[in-house]
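Q: Input: one structure, supplied below.
Just so it is clear, none of the values below were taken in a lab; they were calculated from the coordinates. If you're wondering where the values come from, they're calculated on a predicted model, not measured in any experiment. When we count neighbours, we look across all protein chains shown, and the Cβ atoms used for this are built from the backbone with ideal geometry, even at glycine.
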Amino acid sequence: MSGAGMFRRRLTACGCAGIAGLALLLPPAVVAGDGDRPPRSFNDNRNPSWNDSWDDGWDDYNRTMMQMQRESIASREEQAREAGRVKRRDEVEKTQQKAAAEHEAYFDAILAESQAALNAPAGVFYRKPGYTAADGPGAGAQAVEVGGIPYAYDQGIFWLHRGNSYVVVTAPAGAIVPAVPAGANRMSLKTGPAWYFFGTFFREKDGAYEIFKPPAGLTVFYLPDGYTQEAVKGVGLYRFGEVLYKPVFIQGILAYQVVE
Amino acid sequence: MNKKRIRGALLAVGLALATATGTSAVRAQEKPALEPEAARIFTAALARIGAAKSFTFRAEVIGDSTLPSGQKVQFPGTLEVALRRPNGLWNLFEGEQRTERSWYDGKSFTLLNGGKNVYACWPAPEKLDDLFGSMKEKLGFIPPLAPLLRENVATRAMEKVTSGFIVGRSVIGDTKCRHLAFRGGKTDWQVWISEHGEPVIKRIVITYKLEPGAPQYVATFLTWDFAPRLSDAVFAFTPPEGAVQCEFEPVQR
């Protein structure tokens, strides 16, 4: 036997052993043939005479197995690629969500800032008196007691616990709160700075803020939702909580002046 | 040696530039602060308004508001005005923040806030031209675009102008216009005036240059009618149903 022939035979044997090994690795349904025939090729339509010769058949089988192997590898690669794509999609989605959240926060900040500057901030956290909710104020609410009555204070709003729910009430004069809510309008009074927020007046007291009843003549440029209109001696007035206001045009702008 | 040459060349270029700049500055100084043609076009448009017995216009207006942060926001609205000399004025402003109407009939001036259905009346001077000065002094405000509504608007405007020039030509809506720019003490004005036919103001931009953020007020005129039929009823106020009457807070002096 020539060296070349020996080499060719070893190569063939290695090839057969390799294929047999591969066949063991593959699922039975895939490798199950028709009797002793190798399984039908994926290329049947292209090569209908696959069993015309053994070699051709093997050749076909080899190509089939290689194709399956390639596809298996390709499938794993594709799975890996898909996993990568999913990961990237997740990353992109998270980035987009983060960007959206940042944008929203940025927009909210602008809105809050502008609302603070505008006369009637719409959209800031506000619930008119009488509003009832089962969940009540937010987690940041603080307990405030006035005249023995326990209130929950949250972002400018006072809540009372009633049975299984919470109800919004007008701010009790004399209450001390840690901060004025976002969107409050700053005013300058003779006694010092004060803040107005939806019918509630705040002034500084010992490092905190006290709710106070406004003096007559004090003017605000909006009344909160929840005010009522009433006629006193033929004059149209507005009431919010315990405070009565009269409308007045100041430099052409409608405002509300405290009358009692 | 080379450095000396480069230095010399730079010096020469610098001198040339300085000379050129100096010449431009001299030319700029020689140029009249108020270009006669700009003044003529502007005066003609204003004189037409001042001379009209009556007119109406409709405009889209935008007013800047500078927030404490320095950020500017704009409040758009539409403004309709009907004027009949010597003593009739009506306007309607519908904006983002408020809707207002006002009536003046030579006896009283009434302002109605449409959103809240609240109004106030004020005994007014007999003549329109006296109304604005008196309102400003006693109530602290004047109707929108009031400076344009005076009979002597052209004279008053040109008295305030310190400089002015023709910026160029442009189209506002479908009207070819001359674009003019003027400066005053407290405000700068840009005006677009129709180029053909009777001069008509198509747009005004007023810049309040001394105010923080230099806010602007823009009025784009959609329609002008210099021959309207305006009955007395246009200028007579009738309180809407349920309207609440209030007062004007007088200006504290």
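Q: In deg cm²/dmol, rounded to 500, what helix-only [θ] at 222 nm does chain B give when every DSSP H run of at least 4 residues adds -39500 (n - 2.57) and the total is split over its residues?
A: -8500 deg cm²/dmol
Q: Quick one: what are the phi-derived ³J(HN,Hα) couplings along segment B:177-187, Karplus 6.51/-1.76/1.60 with θ = phi - 60°, whole Hz, x for glycine and proline?
A: 10, 9, 9, 10, 9, 10, 10, x, x, 9, 10
Q: Could you state the principal axis extents of the C-alpha atoms in segment B:36-246, from the largest down, to the nearest angstrom?
A: 52, 45, 33
Q: Which Rg and Dmax, in Å, describe the Cα atoms of segment B:127-218?
A: Cα radius of gyration and Dmax of segment B:127-218 are 14.5, 41 Å respectively.
Q: Ok, one more. Give the distance, in whole Å, between the Cα centre of segment B:98-116 and the Cα centre of segment B:218-253.
A: Cα centroid to Cα centroid, the span is 4 Å.
Q: Across 5 Å bins from the origin, how do the percents of Cα pairs in segment A:132-258 run, short distances first?
A: The distribution over segment A:132-258 is 2, 10, 19, 22, 19, 13, 9, 5, 1, 0, given as percents.
Q: In what order do B:Trp224, B:Trp90 fall by count of nearby beta-carbon atoms within 10 Å, going from fewest to most?
A: Placing the least packed residue first, the sequence is B:Trp224, B:Trp90.
Q: Treating the beta-carbon of each Lys and Arg as +1 and of each Asp and Glu as -1, no other charges, what is the dipole magnitude of segment B:90-147 about its Cα centre, to the nearest 20 debye?
A: I would put it at about 160 debye.
Q: Enter the mean projected area of the convex hull around the alpha-carbon atoms of segment B:76-199, in nm², rounded to one decimal.
A: For segment B:76-199, the mean projected area of the Cα convex hull comes to 9.1 nm².
Q: Take the Cα atoms of segment B:165-253, find their three principal axes, and give me the spread along each one in whole Å, biggest first.
A: Per principal axis, max minus min of the Cα coordinates gives 51, 40, 20 Å.
Q: If you don't mind, another one. What FRET efficiency, computed as 1/(1 + (r/R0)^6) with R0 = 35 Å and r the Cβ-Cβ distance, is obtained for A:Glu145 and B:Ser69, rounded to the nearest 0.05?
A: Efficiency, from the Cβ-Cβ distance: 0.45.
Q: If you don't mind, there's one more thing I want to ask. So for chain B: antiparallel DSSP bridges make up what percent, rounded to the nearest 5?
A: Of all bridge pairs located within chain B, approximately 95 percent are antiparallel.
Q: If one computes the Cα centroid of segment A:159-173 and of segment B:159-189, what distance in Å separates the two points?
A: Distance between centres, Cα-based: 59 Å.
Q: Volume per residue, Å³, of the convex hull around the alpha-carbon atoms of segment B:64-141?
A: Output value, Cα hull per residue: 109 Å³.
Q: Only helices at least 27 Å long along their own axis, judged from Cα atoms, and with Kyte-Doolittle mean hydropathy of 0.0 or greater: name those in chain B from DSSP H.
A: What comes out of the filter, once short or polar helices are dropped, is B:2-30.
Q: Apply the Karplus parameterisation 6.51 cos²θ - 1.76 cosθ + 1.60, with θ equal to phi minus 60°, to every residue of segment A:155-168 and state each ³J(HN,Hα) to the nearest whole Hz, in sequence, with x for glycine and proline.
A: My calculation for segment A:155-168 gives 6, x, 10, 9, 10, 10, 7, 10, x, 9, 9, 10, 10, 7 Hz in order.
Q: Same structure again: With N set to the number of residues, divide the alpha-carbon radius of gyration of segment B:154-206 by 2.2 N^0.38 Å and report two decimals.
A: Relative to the 2.2 N^0.38 Å estimate, segment B:154-206 comes out at 1.13.
Q: Let me ask you something else. About the Cα centre of segment B:110-253, what is the dipole size in debye to 20, counting +1 per Lys and Arg Cβ and -1 per Asp and Glu Cβ, all else neutral?
A: That gives segment B:110-253 a dipole magnitude of about 600 debye.
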